[in-house]
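Visitor: Would you mind keeping the following structure in view while I ask a few things?
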Amino acid sequence: MVSHKMLRLATAVTGGCGTLLLYFKLNCDTRNTASAASVEPSCKWDSDWDKRASDKAKATRNIILIRHGQYNLAGSADKERYLTELGKEQAIRTGIRLKELGLAKLTTHFVKSTMTRAQQTGDLIYKQLENDEIPVEDSDLIREGAPVEPEPPIQSWNPDPKTFFLDGARIETAFRHFIHRANPEQEFDSTEVIVCHGNVIRYFVCRALQLPPEAWLRLSLRHGSITWLSVRPNGRVSIKCLGDSGHLPADKLTFE
């Protein structure tokens, strides 16, 4: 395990988000030397990961992360990367699925990335819920990006270090803003829908489950898929489904 002294050193050397990445690197380095027969956990759960343990939360937050539908990959600018007809159908079917799950009445907040494909997907999903009382928020924080250099790297996708530096800080800020336990004044469980992008969702999942964040590219999410995180009052996080696309027929499933 990484000692407090090592973590303090990481903070001094890197500061900010860099602390997290160096912490995981140090932790993985020590973990990899452990005996396969060891019964000790390689990484212990940090119950105060969101620094809200002292707030004494009472309710559970259910966070529904939805990837946008298929879009026009030929577009160069964001406004040209609009949903295809299939992407629109995927979004509609996802909205119907949320309603079938009873989430139309339970959803307390609805957030959309400001990118065109996420805006269109969110609007179509929201319409299927048939509940205009759900407050809607648009957020630049959850726009698509490169959260952190993946391990292992791949040759077909290799942004420059500056892109990781800028996008990573923003997406980590988004994680801290949207993924945390309930505020102490929240009396009842909540369900919040966030419509955004594959890279953002995959990074959120790794961070929320306290897995190495550089593992995000090992996960795969289809368009219109549903990922469900639950954050309990004691800070424990569970994933009820990851990239669920069972509501889409086989001939409507796409990744890119």
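The values are calculated or read from the model by the stated rules, or taken from the named source; none is laboratory data. Just so it is clear, the structure is predicted and the values come from calculations on it, not from any experiment. When we count neighbours, we look across all protein chains shown, and the Cβ atoms used for this are built from the backbone with ideal geometry, even at glycine. To get the accessible areas, we keep the full protein, side chains included, count just its heavy atoms, and leave off ligands, DNA and RNA. Shrake-Rupley method; radii C 1.70, N 1.55, O 1.52, S 1.80 Å.
Visitor: Put Tyr82, Tyr203, Tyr126 in order of accessible area, largest first, 1.4 Å probe: what do you get? Write out the running numbers ahead of the final one.
Guide: Values: Tyr82 105, Tyr203 5, Tyr126 40 Å².
Largest to smallest exposure gives the sequence Tyr82, Tyr126, Tyr203.
Visitor: Exceeding 30 Å between C-alpha atoms, which entries from my cross-link table qualify? They are Lys127/Lys252; Lys112/Lys240; Lys127/Lys240; Lys162/Lys240. Show your work: numbers first, answer last.
Guide: Working: Lys127/Lys252 20 Å; Lys112/Lys240 21 Å; Lys127/Lys240 24 Å; Lys162/Lys240 34 Å.
With Cα atoms farther than 30 Å apart: Lys162/Lys240.
Visitor: Here's a follow-up. For Lys44, which aspartates and glutamates qualify as cross-link partners when the Cα separation must be under 17 Å and same-chain residues fewer than eight apart are set aside?
Guide: Within the straight-line cut-off, Lys44 pairs with Asp29.
Visitor: Please turn the phi angles of the range 97-103 into ³J(HN,Hα) values with the Karplus equation 6.51 cos²θ - 1.76 cosθ + 1.60 (θ = phi - 60°), one per residue in order, whole Hz, x for glycine and proline.
Guide: 4, 4, 5, 4, 7, x, 7
Visitor: In terms of modelled amide H atoms, which long-range or inter-chain residues lie less than 5 Å from the amide H of Gly145?
Guide: Asn199, Val200
Visitor: Per-residue HN-Hα couplings for the range 111-127, Karplus 6.51 cos²θ - 1.76 cosθ + 1.60 at θ = phi - 60°, whole Hz, x for Gly and Pro?
Guide: 10, 10, 5, 7, 6, 3, 5, 6, 4, 5, 4, x, 4, 5, 5, 4, 4
Visitor: Order Asp244, Asp50, Asp140, most accessible first, counting only protein heavy atoms with a 1.4 angstrom probe. Show your work: numbers first, answer last.
Guide: Values: Asp244 55, Asp50 25, Asp140 95 Å².
My answer, sorted largest first, is Asp140, Asp244, Asp50.
Visitor: Starting from the amide H of Ser139, placed 1.01 Å from N in the peptide plane, find each other amide H under 5 Å away whose residue is 5 or more places distant or on another chain.
Guide: Result for Ser139 returns Lys112, Ser113, Thr114.
Visitor: Please work out whether the range 205-256 counts as rounded, prolate or oblate from its C-alpha gyration tensor, where a ≥ b ≥ c are the square roots of the eigenvalues and a/c under 1.5 means rounded, while otherwise a/b larger than b/c means prolate and anything else oblate? Don't jump to the answer; show the numbers that get you there.
Guide: Details: a/c = 4.65, a/b = 1.67, b/c = 2.79.
Here the range 205-256 falls in the oblate category.
Visitor: Sticking with this one: Keeping all protein chains in position, work out how much accessible area His109 exposes to a 1.4 Å probe, and write it in Å² to the nearest 10.
Guide: For His109, solvent-accessible area is about 50 Å².
Visitor: Further question: Assuming a ≥ b ≥ c are the square roots of the Cα gyration tensor eigenvalues, decide whether the range 116-256 counts as rounded (a/c under 1.5), prolate (otherwise, with a/b larger than b/c) or oblate.
Guide: Details: a/c = 1.57, a/b = 1.20, b/c = 1.31.
It is oblate, given that a/c is not under 1.5 and a/b is not larger than b/c.
Visitor: Another question, then. What FRET efficiency do you get for Gln210 and Glu85 if R0 is 51 Å and r is their Cβ-Cβ distance, rounded to the nearest 0.05? Numbers along the way, then the final one.
Guide: On the way: r = 40 Å, r/R0 = 0.78.
Calculated transfer efficiency: 0.80.
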